[in-house]
Amino acid sequence: MTDLIDGRRASDYSSTAAKRRLVKRYRAEARFRAYGVLGLILTAAFLAVLFIDILGKGLPAFWQHSLMLRTPLVPAEIDPLGAHDPKQIASADFGKIVKDVLASQFPYVKSRAERKLLNSLLSSGAADALRDRVIANPALIGTTVATPALLSADADLFFKGRLTKVEAEPAKSAATLNIQPQERYEILSPDGAFAASLAEIKRHLGARVALLRAEVQGLLAQRPEIASRLAQARDGGNSAEALRLENSLQSIDLKSAELQTRMQNLEIRASSSSASEKLDATLPSILAAANGGLIKAEEISADRLIGPALVPPRSAASLAPGDWSIVTYQTPQSFRRIADQQIAWLEHLKGQGLIDRHFNTRFFTSGDSREPELAGIRGALVGSLLTLLVTIVLCLPVGVAAAIYLEEFAPKNRLTEIIEVNINNLAAVPSIVFGLLGLALFLNTFGLPRSAALVGGLVLALLVLPTIIIAGRASLRAVPPSIKDAALAVGASHQQAVFHHVLPLAMPGIMTGTIIGMAHALGETAPLLMIGMVAFIVDVPSGITDSATVLPVQIYLWSDLPEIAFEAKTAAAIIVLLAVLFVMNGTAIVLRRRFERRW
């Protein structure tokens, strides 16, 4: 209810309607606060998921595994002339020396194929550390040194648990190890020690049956539509389309018949719980570790395992409970990049204490490589620094000068208004447009070197310049006019008042805007792709005209490679990039708080 008091309408705040309105406003305010808190929680949750995912994938790339070998440095192989000439030493085949030492760990490896499989555990750069050490100290020739030999990416991933899970369970039953003809081994366990492993194989067969059934159903679901289109093609007299559809139907029928046959066979095997199974590369690998050897199952039943030895046992023997174990490689061999034999060798080397896990300094000291274990970000980091150097040298003085002129000296007319509007619009232009401009202007017109830090810096300078101008003008405008008025009042010229009084007070804001603009430039990829900085660059650039790449482009290149190891490299490079961006933005915050003035 309202009344007129002195010609004005007054509200009755004690009325029921007024109280309802007040409660409604309070509820709306509470909902608004709840929405704000919910938005913050969702944002924090999304960021947490993002960072956890990146850290989970990227942190393993900062660690690497090497094989610690005691390598004899035979003078006849390394320095036959005895001159200790670095060039002569560098030309020696250190790779063969390292491979021979590795082969000595497995004297039973005789065939060329096995030797090749064993050598594939080492990286192509496995001998680099040994070569560098001998070149630095030729007095080591003729001695035996312990030097790390870098493992291949696949071997490294195995030790990081990315390729397969290895489960070893001590056997609770006694068994007998027998040697059969053609280097095959048999383990007999009357108490059914392999029953659980056989049941696991049967479960895998059942899962494959389900997958085949779903595939057959998918094929048969396509048949009615194709048959309908075939009838329409025949009615319309389109013989070519009808022939194509007939072939499609025949292909579906043949494929579904083949899959159904396979499904029925697997169903019979899966339902026969007590029947023995012959294992292939599409099933988990079952092995038995007994008497110093490792036997891989080619045929398994509840009480018997038969197969070749990946690591030969010492002899036939009776095995007591607990003296032998059943080992399972969960991922089938056909689904991973490393063979059962290689896993057996790696586990043997690990048992000998020859595997060393260390911080991956190569990630920060090497350039790009096609081999994941050799690839690093040094070239991209140096390229990013050179590009940002060109960017800041160009855009900082030009941007600050433009901001000072437009804010303090330019006349306020239509021309300056047009310039200001265009600067504001350029700050919102997509970055790839600047890349197209750089491609047309710097490369095609001026003929500057492609994929060079010079061109990248020029393009990023154009990108960052509007941001610096806008931030500079805002900082100059934030300085109280009384500062300049006081300087003018004591006889200073307009230029002296601006450069001696206003600009020093505005510099913290200008530097903050500059750092944020440079952080923006560091994370840009699209404009640099347009000027050719997407090339594969192995060497570390030594100048602004050398071919180079930058960290965001390096991340883009690695993310497109199929090797699993590059997935971790990509995430690790993202971590480094985010760390640099956090440092730059943190520096901007510290500068702003350190030199901030309260007027």
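In this simple spin-label model, placing a label point 7 Å from the Cα along the Cα-to-Cβ direction at both K96 and E77 gives a separation of 0.9 nm.
Distance between the pseudo-spin-label points of T416 and L389 (7 Å out from Cα toward the beta carbon): 3.8 nm. The alpha-carbon of K202 sits under 16 angstrom from the alpha-carbons of these lysines, leaving out residues fewer than 8 places away in its chain: K278.
Would you list, by chain and number, the aspartates and glutamates whose Cα falls below 19 Å from the Cα of K255, excluding same-chain residues fewer than 8 positions away? Cα-Cα hits under 19 Å: E215, E225, E246, E267.
So what is the relative contact order for region 298-410, in percent, with contacts set as C-alpha pairs under 8 Å and at least six apart? Present the calculation step by step, with values, prior to reporting the outcome.
Values: 50 pairs, mean separation 12.2, N = 113.
It comes to 11 percent, rounded to a whole number.
Choose one of L283, L458, A339: the residue whose Cα lies farthest towards the positive end of the charge dipole of the chain (beta-carbon charges +1 Lys, Arg; -1 Asp, Glu; about the Cα centre). Looking along the dipole axis, the top candidate is L458.
Need one number: nm distance between label points at A478 and L47, each 7 Å from Cα along Cα→Cβ, rounded to one decimal. Distance between label points: 2.1 nm.
Only the Cβ atoms of Lys and Arg (+1) and of Asp and Glu (-1) were treated as charged; on that basis the dipole of region 438-573 about its Cα centre amounts to roughly 560 debye. Calculated from the structure, Cα extents along the principal axes in Å equals which of (1) 107, 70, 42; (2) 109, 89, 69; (3) 81, 70, 49? Evaluating Cα extents along the principal axes in Å on these atoms matches (2). For L122, the residues whose amide H sits under 5 Å from its own are S152, ignoring neighbours fewer than 5 places away on the same chain, with H placed 1.01 Å from N. Phi-derived couplings, Karplus 6.51 cos²θ - 1.76 cosθ + 1.60 at θ = phi - 60°, listed residue by residue for region 301-317: 9, 5, 10, 8, 9, 10, x, x, 9, 6, 10, x, x, 5, 5, 5, 6 Hz, with x used for Gly and Pro. Taking every C-alpha pair closer than 8 Å and separated by at least 6 residues, the mean separation divided by the residue count of the chain gives a relative contact order of 15 percent. Overall, the chain carries a charge dipole of about 2040 debye about its Cα centre when +1 sits on the Cβ of Lys and Arg and -1 on the Cβ of Asp and Glu, all other atoms neutral. Considering only A521, F409, G586, and ranking their Cα positions along the charge dipole of the chain that arises from unit charges at the beta-carbon of Lys, Arg, Asp and Glu, the one farthest toward the positive end is F409.
Residues whose amide H lies under 5 Å from that of V145, counting only those 5 or more places away or on a different chain, are T71, L73; hydrogens are built 1.01 Å from N in the peptide plane. To the nearest 0.05, how large is the calculated FRET efficiency for A339 and D132 if R₀ is 25 Å and r is the Cβ-Cβ distance? Given R0 = 25 Å and the Cβ-Cβ separation, E is 0.20.
So if we plug the beta-carbon distance of S104 and T176 into 1/(1 + (r/R0)^6) with R0 = 22 Å, what FRET efficiency do we get, rounded to 0.05?
Details: r = 32 Å, r/R0 = 1.46.
The value I calculate is 0.10.
For the residue pairs K96/K296; K99/K160; K57/K96; K57/K110, alpha carbon separations beyond 27 Å are given by K96/K296; K57/K96; K57/K110.
Taking the Cα centre of region 157-273 as the origin and placing charges on Cβ (Lys, Arg +1; Asp, Glu -1), which of L220, A199, A171 is farthest toward the positive end of the dipole? Result: A171, furthest along the dipole toward the positive end.
What you get for region 158-247, charging only the Cβ of Lys and Arg (+1) and of Asp and Glu (-1), is a dipole of about 240 debye around the Cα centre. For the listed peptides 300-309, 78-87, a ranking on the average number of other beta carbons within 10 Å per residue, highest first, reads 300-309, 78-87. As a calculated quantity, the FRET efficiency between A139 and L117 at R0 = 35 Å, using C-beta atoms, amounts to about 0.45. Scalar couplings 3J(HN,Hα) for region 579-586, obtained by applying the Karplus form with A = 6.51, B = -1.76, C = 1.60 to θ = phi - 60°, are 4, 5, 5, 4, 5, 5, 5, x Hz; x denotes Gly and Pro.
No value in this document is a laboratory result; all are computed from the given coordinates. Computed from a prediction, not measured in an experiment: that's the story for all the values here. So basically every Cβ, Gly included, is an ideal-geometry build from the backbone, and we count neighbours across all protein chains shown.
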